[in-house]
Amino acid sequence: MACASFTKLNATSSQWIGQQSFGQRTGSSSVTRRVSLPIRAGSYTDELVKTAKTIASPGRGILAIDESNATCGKRLASIGLDNTETNRQAYRQLLLTTPGLGEYISGAILFEETLYQLTTDGKKFVDCLRDQNIVPGIKVDKGLVPLPGSNNESWCQGLDGLASRSAEYYNHGARFAKWRTVVSIPSGPSALAVKEAAWGLARYAAISQDNGLVPIVEPEILLDGDHSIERTLEVAEKVWSEVFFYLAENNVVFEGILLKPSMVTPGAEHKEKASPETVAKYTLTMLKRRVPPAVPGIMFLSGGQSEMEATLNLNAMNQAPNPWHVSFSYARALQNSVLKAWQGLPENVVAAQNSLLERAKANSLAQLGKYSAEGESDDAKKGMFVKGYTY
Ligand code: 13P
């Protein structure tokens, strides 16, 4: 503990706040209490804050390529390739060795297989990333399973053995982690599912920080459903308030986390689509109500939006300064055009890498609020929503 003394502020939240004196009313008298930074100074705290800041750096965001083998298989199948380790390696090599990627990408989320994998020339993927000043990250959750006692909802597994796995991932070069759980609006969501999602994320975040990994906190509110944008806002506010409650309860250092929210949009089957300005307004309203400015970065998921839609929405959110770095951590919205350009053929690798650079650059501009959709291809405009999508 870096500070010898500190004061708990109230019974429901164990959050500690900055080094200052302040007056607080207790009955008729006013007392002065000293409170001190930080929440909890683990041995990695300074490093976590630095890592989070590096990832949340201007004009950069995250390339998410942490598909499980099964999901990566679906990506490969879309271009007629078998789901073999060699094909997964070839695809990830194409992505991670793209020259110039580090200008737009600050972090890459890997699946365990890729963290330990080498390129065909025998270089660790982790080293390819480091050479471009891209921070290697790792998906640490073990996927979703049915949540008994709920409305057919799910919960996310992976806490067992997480501390030792995280320490091992750190030794192999990972510096941040991702845990994705989901909340379904059409299924309720039930109070149980929201609480379980929030608690799991908070336990994971505390364990990650204890082992030197910056946790990306991702309660994905699925696009599935025909609900309105107002309903999404209501659910998102509820989910994030629970998430922050339990993050605080678990003494997570807010300066050393990153968030990966869904944008606040109407359900995919709602009769009307929302404009980027409307999505930005609702999403920023939700974030400003729920996310403390101590959090360095908000890295959105794309969730089945088209490449262009995800970029336009991000751009709309960056038209005025925000309390946090507002950026991207896209999988589908960065990979779709790349796969189409590649088609599994060695002679298309350069074209596919150029396609990745193009999307990464578009999102980099959107992070800076300077993107224009002029000249975007028809492919970039195609939605990628899949009902009941599993990651
Ligand atoms: P997309 O929704 O952008 O496909 O990715 C979700 C995710 O969690 C990737 O890490």
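The values are calculated or read from the model by the stated rules, or taken from the named source; none is laboratory data. Note that the structure is predicted; figures quoted are calculated from it, not measured. Virtual Cβ from ideal backbone geometry, glycine too; neighbours counted across all protein chains shown. Remember, those area values only see protein heavy atoms, side chains included, never the ligands or the DNA or RNA. Shrake-Rupley method; radii C 1.70, N 1.55, O 1.52, S 1.80 Å.
Here are the numbers for the structure shown:
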| quantity | calculated |
| --- | --- |
| Note, ³J(HN,Hα) from phi for region 227-241, Karplus 6.51, -1.76, 1.60, rounded to Hz, x at Gly and Pro | 6, 7, 5, 5, 5, 4, 4, 4, 5, 4, 4, 5, 4, 5, 5 |
| Where a label projected 7 Å from the Cα of residue 345 along Cα→Cβ would reach, residues of region 74-89 with amide N under 16 Å | 79-81 |
| Packing-based ranking, highest mean first, of 261-267, 317-323, 48-54 given that Cβ atoms within 10 Å are counted | 261-267, 48-54, 317-323 |
| DSSP-loop GluC sites (Glu not before Pro) across region 305-391, with at most 14 other Cβ within 10 angstrom | 374 |
| With every protein chain in place, the chain: carbon and sulfur % of accessible area (1.4 Å) | 52 percent |
| Pairwise centroid distance, computed over Cα atoms, of region 290-319 with region 193-223, Å | 19 Å |
| Relative contact order for region 132-213, counting Cα pairs under 8 Å that sit 6 or more residues apart, in percent | 37 percent |
| Across 50/281; 50/238; 123/370, pairs whose alpha-carbon gap is larger than 32 Å | 123/370 |
| Top of 158, 303, 375 by mean-square fluctuation, Gaussian network on the chain, Cα under 10 Å | 375 |
| C-alpha long axis of helix 85-96 to longest principal axis of the chain, angle in ° | 70 degrees |
| Sequence-distant residues sharing a close amide H with residue 180 (under 5 Å, placed H) | 141 |
| Between helix 191-210 and the chain: long-axis angle, C-alpha atoms, 0 to 90°, nearest 10 | 90 degrees |
| Probe 1.4 Å, all protein chains present, accessible-area order of 222, 129, 192, largest first | 192, 222, 129 |
| Solvent-accessible area per residue, Å², over the chain with all protein chains present [probe radius 1.4 Å] | 42 Å² |
| Trypsin sites (Lys or Arg not before Pro) lying in DSSP loop within region 216-298, provided at most 13 other Cβ fall within 10 Å | 271, 273 |
| Rounded D (µm²/s) - the chain, Kirkwood Rh over Cα pairs, Stokes-Einstein at 20 °C, 1.002 mPa s | 100 µm²/s |
| Contour minus Cα-Cα distance for residue 46 and residue 116 (0.36 nm per residue) | 22.6 nm |
| Residue with peak Gaussian network fluctuation, the chain [Cα springs, cutoff 10 Å], from 163, 64, 331 | 163 |
| The chain: relative contact order as a whole-number percent, Cα under 8 Å and 6+ apart | 17 percent |
| Estimated FRET transfer efficiency when R0 is 35 angstrom, pair residue 164-residue 382 (beta carbons, to 0.05) | 0.25 |
| Cα-based helix-to-principal-axis angle, 276-290 vs the chain, degrees rounded to 10 | 30 degrees |
| C-alpha center-to-center spacing [region 81-95, region 147-167] in angstrom | 28 Å |
| Stretchable slack from residue 151 to residue 272, in nm (0.36 nm times residue separation minus alpha-carbon distance) | 40.9 nm |
